[in-house]
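Engineer: Quick one: structure below, then a few questions.
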Amino acid sequence: MPTVSIQTSSKQYDMWIGEHVIKQLHSFIQSKFEDVTKILIITDESVKKLHLATVEKELSSLPVITYTVPAGEKAKSFDVFYACLTYMLEQHLDRKSLVLALGGGAVGDLAGYVAASFMRGIPFIQIPTTVLAHDSAVGGKVAINHPLGKNMIGVFNQPEAVFYDTTFLSTLPIQELRSGFGEVIKHALISDSQFYQDLTTNINNLSKVDIAYWSEILEKGILVKRSIVEKDERESNIRAFLNFGHTLGHAIEAEMGYGKFTHGEAVVIGMIFALRLSKKKYDIAFSMEEYIKWLQLLGYTCDIPVNLEINNLINRMKQDKKSINGTIRFVLLKELGKPVLVEIGEAEIREELAIFKGGK
């Protein structure tokens, strides 16, 4: 039975989470796509070596082909997007074909946008292989990057299903665990103080978290996202809350160069800044000292990289998808679990960034 069912205004689909759920993929495809003509697995160079053979074995009786893209954010470019579509045309995929996104968030974003664009849309299935992808695989936001902004070119395209086999997580390096866990922290802070307290109590070394506990906390994070996405599929209001920490986080990613600083680690710095603003504006009962100490214990960088200029970060934030007519908007917390979207003036942001970079 599926672990989580997602119901948006445009589509209902199921998500399987747990060890060895990939074994259910074949029967799902056969039951839902009886006349599938070709199945294209889009994966990246790293995941291909680790997990492609496992998926291919499960689908050995089906017409499967594979296209490999660069690992990480390098996959989310116009050139790679175009190359995927060219390959699909060369291989004669049609409207009865199916795309499988095997990889982390970057592969899922790219493959979902490719599937939405080919012949004006063919179905796709998400097969996440990272902790970070627990966030990106649910909700239907698919996109590629532009030099002027992250995820600026894309569409909303819900998958047919998500198969999240947590055994794949055992191959992740610590930096990828750290990146993905940043989004788990986000889900806890915007939803439930007890969820946050459980994380700080139970996790002090990400390399020692067992697969069963990963499954538990990832399901909790997915349920947080589901509760928001089902109410606001296309980010017209409350879905923006899922961008807690992302306003500054995306700016850091872009300024550092996509792929040179992981998404989740940039978001953690963005959350620290957003929490500082939240304490200033709403005097929330939250210990920044304990929070930062815990993050540092887990190996996170908690400061804006010294080489990044405040002017450049502000310009990046003006291009954020939440910004309206150049006015920067932040997701803040009135208290844990109570997010709010707030417009903040450029002068105040500049002052607070200077204080943050100065360590005060």
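Each value in this text was obtained by applying a stated rule to the coordinates, not by laboratory testing. Please read these numbers as outputs of a predicted model, since none were measured by experiment. Every residue, glycine among them, receives a Cβ derived from its backbone with ideal geometry; neighbour counts consider all protein chains shown.
Engineer: Looking at the chain only, what percent of DSSP beta bridges run antiparallel? Nearest 5 please. Please report the intermediate quantities before stating the final value.
Structural biologist: Working: 16 of 38 bridges.
If I count the DSSP bridges inside the chain, around 40 percent turn out antiparallel.
Engineer: Quick one: if the Förster radius is 22 Å, what FRET efficiency do GLU216 and LYS74 give, using the C-beta to C-beta distance and rounding to 0.05? Working shown, then result.
Structural biologist: Working: r = 32 Å, r/R0 = 1.47.
Rounded to the nearest 0.05, the efficiency is 0.10.
Engineer: In this model, which of LYS150/LYS357; LYS220/LYS322; LYS225/LYS334; LYS208/LYS281; LYS11/LYS57 are farther than 31 Å apart at the alpha-carbon?
Structural biologist: Values: LYS150/LYS357 23 Å; LYS220/LYS322 25 Å; LYS225/LYS334 19 Å; LYS208/LYS281 37 Å; LYS11/LYS57 29 Å.
The answer is LYS208/LYS281.
Engineer: Which aspartates and glutamates, on any chain, are close to LYS321 with Cα under 12 Å apart, when same-chain ones fewer than 8 places away are left out?
Structural biologist: Partners within reach: GLU235.
Engineer: Another one. Pairs of alpha-carbon atoms within less than 8 angstrom and 6+ residues apart define the contacts here; what relative contact order does the chain have, in percent? Please list the in-between numbers first.
Structural biologist: Working: 647 pairs, mean separation 52.8, N = 360.
Computed value for the chain: 15 percent relative contact order.
Engineer: List the aspartates and glutamates whose Cα lies under 14 Å from the Cα of LYS280, skipping any in the same chain that are fewer than 8 positions away.
Structural biologist: Straight-distance partners of LYS280: GLU335, GLU348, GLU351, GLU352.
Engineer: When the Cα centres of the stretch 182-209 and the stretch 19-94 are compared, how far apart do they sit, in Å?
Structural biologist: When both Cα centres are located, 32 Å separates them.
Engineer: Shape of the stretch 128-194 from its Cα gyration tensor (a ≥ b ≥ c, root eigenvalues): rounded if a/c is under 1.5, otherwise prolate when a/b > b/c, or oblate? Intermediate values should be presented prior to the final figure.
Structural biologist: Values: a/c = 1.44, a/b = 1.32, b/c = 1.09.
Note, shape of the stretch 128-194 comes out rounded.
Engineer: Let me ask something else. Looking at the stretch 4-171, send over the antiparallel percent of its DSSP beta bridges, to the nearest 5. Mind dumping the intermediate values first?
Structural biologist: Working: 9 of 31 bridges.
Expressed as a percentage, antiparallel bridges in the stretch 4-171 total about 30.
Engineer: Now for a separate question. Classify the stretch 4-171: rounded, prolate or oblate, from the alpha-carbon gyration tensor (a ≥ b ≥ c, eigenvalue square roots; a/c under 1.5 rounded; otherwise prolate if a/b is larger than b/c)?
Structural biologist: On the way: a/c = 1.24, a/b = 1.15, b/c = 1.08.
It is rounded, given that a/c, with a ≥ b ≥ c, falls under 1.5.
Engineer: How far apart, in nm, are the 7 Å Cα→Cβ label points at ARG276 and GLU335?
Structural biologist: 2.5 nm
Engineer: With the calculation restricted to Cα positions, what are the radius of gyration and Dmax of the stretch 174-358 in angstrom?
Structural biologist: Rg and Dmax of the stretch 174-358, Cα atoms, are 15.7, 46 Å.
Engineer: To continue, here is another question. So what are the radius of gyration and Dmax for the Cα set of the chain, in Å?
Structural biologist: Both quantities, over Cα of the chain: 19.9, 62 Å.
Engineer: Taking a ≥ b ≥ c as the square roots of the eigenvalues of the Cα gyration tensor of the stretch 210-277, is the shape rounded (a/c under 1.5), prolate (a/b larger than b/c) or oblate? Numbers along the way, then the final one.
Structural biologist: On the way: a/c = 1.97, a/b = 1.23, b/c = 1.60.
It is oblate, given that a/c is not under 1.5 and a/b is not larger than b/c.
Engineer: Treat each spin label as a single point 7 Å out from the Cα along the C-beta direction, and report the SER287 to GLU351 distance in nm.
Structural biologist: Each label point lies 7 Å from its Cα, and together they span 2.9 nm.
Engineer: Right, here's the next one. Only Lys, Arg, Asp and Glu count, each charged at its Cβ (+1, +1, -1, -1), so figure out the dipole size of the stretch 196-344 about its Cα centre, rounded to 20 debye. Before the final figure, lay out each step's value.
Structural biologist: Working: 20 positive and 19 negative charges, 85 e Å.
It comes to approximately 400 debye.
Engineer: Now a separate question. So how far apart, in nm, are the two label points at GLN296 and ILE310 if each is 7 Å from Cα heading toward Cβ?
Structural biologist: Result for the modelled spin labels: 2.3 nm.
Engineer: Here's a follow-up. What is the magnitude of the charge dipole of the stretch 140-250 about its Cα centre, with +1 placed on the Cβ of each Lys and Arg, -1 on the Cβ of each Asp and Glu, and no other charges, expressed in debye to the nearest 20? Write out the running numbers ahead of the final one.
Structural biologist: On the way: 11 positive and 13 negative charges, 72 e Å.
Once rounded to the nearest 20, the dipole reads 340 debye.
Engineer: So, R0 is 25 Å and r is the distance between the beta-carbons of THR201 and LYS260; what FRET efficiency does that work out to, to 0.05?
Structural biologist: On the way: r = 33 Å, r/R0 = 1.32.
Computed FRET efficiency for THR201 and LYS260: 0.15.
Engineer: Which residues make up the longest stretch of the chain clear of GluC sites (Glu not before Pro) that lie in a DSSP loop with no more than 12 other Cβ atoms within 10 Å, not counting the sites?
Structural biologist: On the way: sites that count: GLU34, GLU309.
Result for the longest clean stretch: 35-308.
Engineer: Please arrange PHE78, PHE163, PHE261 by counting, for each residue, the other beta carbons lying within 10 Å of its beta carbon, fewest first. Before the final figure, lay out the partial values.
Structural biologist: Numbers: PHE78 12, PHE163 26, PHE261 21.
With the sparsest Cβ surroundings first, the list reads PHE78, PHE261, PHE163.
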